[in-house]
């Protein structure tokens, strides 16, 4: 026998309790990892290679206010811009759905082609989409989700616009961070809406990340003191603006995570205290045999840390395996896209469990250190 | 000329508080114990015999007086020094055996050796010797719950012996045993004193058990009366 064997035998002496402790730490860790992943999903929009190049210009007053279509002529002359397209959110309900389950945008197909650098057309052809004003380009996720085919009709009931759409699928794309969207001709929207001469936003591509900030400044400056001042910002900043509309989700998730950690610490401290209390006599005997406080502390710490580490392995590993292999995008109707359990989140889960393992060892170690041998022997006699 | 005593106690007193009351457990006790003696401490409950045993063994502290064991004043040792000293010099036998239930007999005996610099093979050799000495060479792989009370106490004696201490302290070692097992245990303690020149100090209520010792000391109200 050696000391690690001794520690292991002690840790497993009450197997049911050890198992329940490991499970409670594991489930708490899995919950913590899940919450942190959810927080990341909600507050950090997915980024793509082209995101640092793309700029969205909207009406400075509000996103709901349109911009004049004639601004295009000014924008496309601004140095550093290689592509620009109108980009108007339609927000229609597909078929008989009562909510907008994926976004539809009206774009200028010829101009838009230069903006989606990472998209690949996997069925049909972009040319078919571009030349037919009733055609649409559909994201692969939506295409698969509804079991669609090239040439199928897609009908939308307008919610923002008092018009309905009847589109024909010309092409399917994937390779973007969100392969759910649908794009159709802005001309069609203009015709159906009585040609108001407006767009929702401008989607702009800068020549390089280095000039992106200059482009933003120039676009903003170009419409200063006009009837339709714009607010240009990077795609990422634009998305984060949407996130802020969700309220203080970060704080809410942090509070719930804090509660999880607190509960986790109570469970482990209570379990370790119970495990040690019922062994006071044995610890007193070990002291009598010559074991010192630091050795007893090491026993308790190793046992507590070991159980917590096992729980962390189970919880963090389980959460990673579950969220990595589950098609959450499908299960949540596209609400969650990536739900990626990053190494950083896993490290957080493991670190919290490890700290709990150490913290849980402190009260029983303190009790044991203070206990005299004679007291320990009397207590359980 | 008599050899220096292995245990030399002078004017030893122990006072502790029990709520508002001060209790004198030992009052100016002075005794000498020679190497190889089997000293039996007797007396009624609360007479201070266990307290005296605990102070000699270094698991309790005196309020005043001196306790010299092999010339070392135990009272002057720090907690850490005392732990080392106990490991090297004292073997404990308790009334309720106090074996670790999740360990086998051999592992229980090996426990004190984990604190020494001995290698695994040497530790195993010592454990085998100790178990053989108490007649349990073939029970090393049994856990305490697979052994009788008498066998468990013999394992406890083997654990007390394995570090080859000069002093063996036994606190009512036969208190939880049947007559046959008690006889076995007492015979082993007697043989250790007689044949191996170990100094044994035993607390007991049982006059029959006291018959195995070379000297009996009677305590009453914290004082040695005979």
Which numbered condition in (1) within 23 Å of residue B:186 (Cα to Cα); (2) surrounded by fewer than 20 Cβ atoms within 10 Å (Cβ to Cβ); (3) touching a helix residue (DSSP H, G or I) at 6+ places or on another chain (Cβ under 9 Å) is the only one that residue B:72 fails? (1)
Which condition number does residue B:80 fail, the rest of (1) on the phi < 0 side of the Ramachandran plot; (2) surrounded by 16 or more Cβ atoms within 10 Å (Cβ to Cβ); (3) facing another protein chain (nearest Cβ under 8 Å) being met? (2)
Filter region A:260-283 for residues that are more than 8 Å from chain B (Cβ to nearest Cβ) and under 18 Å from residue A:374 (Cβ atoms); which is modelled with the lowest pLDDT? A:277
Would you pick out the residues in region B:143-164 that are surrounded by fewer than 20 Cβ atoms within 10 Å (Cβ to Cβ) and part of a loop (DSSP other than H, G, I, E, B)? B:143, B:147, B:148, B:164
Residue under question is residue A:360, and the condition is that it be in a helix (DSSP H, G or I) and within 14 Å of chain B (Cβ to nearest Cβ); does it hold? no
Scan region A:42-56 and tell me whether some residue there is free of Cβ contacts under 8 Å to residues at least 12 places away in the same chain, surrounded by fewer than 22 Cβ atoms within 10 Å (Cβ to Cβ) and within 14 Å of chain B (Cβ to nearest Cβ). no
The lone condition residue A:7 fails out of (1) without any contact (Cβ under 8 Å) to a residue 60 or more places away in the chain; (2) within 30 Å of residue B:105 (Cβ to Cβ) is (1)
Could you list, in sequence order, all residues of region B:109-142 that are surrounded by fewer than 17 Cβ atoms within 10 Å (Cβ to Cβ) and part of a loop (DSSP other than H, G, I, E, B)? B:116, B:117, B:118, B:119, B:135, B:141, B:142
Note on residue B:53: of the conditions (1) within 18 Å of residue B:205 (Cβ to Cβ); (2) within 13 Å of chain A (Cβ to nearest Cβ); (3) surrounded by 23 or more Cβ atoms within 10 Å (Cβ to Cβ); (4) within 14 Å of the chain's Cα centre (by Cα), unmet is (3)
Per-region count, region A:11-32, residues within 14 Å of chain B (Cβ to nearest Cβ) and within 19 Å of residue A:359 (Cα to Cα): 3
Determine which member of the set B:43, B:65, B:91, B:36 is touching a strand residue (DSSP E or B) at 6+ places or on another chain (Cβ under 8 Å) and within 14 Å of chain A (Cβ to nearest Cβ). B:91
Failed condition for residue A:225, given (1) free of Cβ contacts under 8 Å to residues at least 60 places away in the same chain; (2) surrounded by fewer than 22 Cβ atoms within 10 Å (Cβ to Cβ); (3) part of a helix (DSSP H, G or I), with all others met? (3)
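The values are calculated or read from the model by the stated rules, or taken from the named source; none is laboratory data. Because the structure is predicted, anything quoted here is derived from the model rather than measured. Quick reminder, even Gly has a Cβ in these numbers, built from the backbone with ideal geometry, and neighbours come from all protein chains shown.
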